[in-house]
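Written below as structure tokens is the structure these notes are about.
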Amino acid sequence: MNPLTSIRQLWSSTPPAQVGAADNSASPAASIPAAELRALDAAGGAGSATGTPPAQGSFSSLLGQMVQDVNAKQAVAGQSLQDLQSGQNVSLHQTMIAMEEASVSFQLMVEVRNRLLDSYQEIMRMQV
């Protein structure tokens, strides 16, 4: 869901008087011009916060893309480690960042797989 869509839904469900009353300690928020909101909405529909376009297609292609991204991060981390070990001009902290990024993305992929398997097993246990 687009962040602006959620804000609009929140705004439409909560009267403007109650929005400001929820947090009296904060400084009053400046109003955002409508043209700026439209520009953000148009930019938000074109891609996500990471700059990649939204996924179009099937669920299997989304999972395939996720596996390819994890593989690419693993390859970058491996290459960075090889370059560091061979004495090339690669900093240790950049290598460690690449390795941790690959590790976290792999852990995320494993957790998504576990959740999908749990969901599948729960569906198979359902009585029809």
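The values are calculated or read from the model by the stated rules, or taken from the named source; none is laboratory data. Remember, predicted model here, so these are calculated numbers, not experimental data. So basically every Cβ, Gly included, is an ideal-geometry build from the backbone, and we count neighbours across all protein chains shown.
Structural remarks
- Whichever residue in region 71-128 is among the small types (Gly, Ala, Ser) and in contact with a Lys or Arg (Cβ under 7 Å, 6 or more places away or on another chain) and, among such residues, is nearest to Ser60 (Cα to Cα): Ser105
- Scanning region 65-112 for residues that are of a type in the set (Val, Ile, Thr) and part of a loop (DSSP other than H, G, I, E, B) yields a count of 1.
- The combined condition, being modelled with pLDDT of 90 or more and among the hydrophobic types (A, V, I, L, M, F, W, C), is fulfilled by Val67.
- Across region 84-102, the number of residues qualifying as touching a residue at least 12 places away in the same chain (Cβ under 8 Å) and surrounded by 13 or more Cβ atoms within 10 Å (Cβ to Cβ) comes to 5.
- Residues of region 74-128 that turn out to be in contact with a helix residue (DSSP H, G or I) (Cβ under 7 Å, 6 or more places away or on another chain) and among the aromatic types (Phe, Trp, Tyr), as a count: 1
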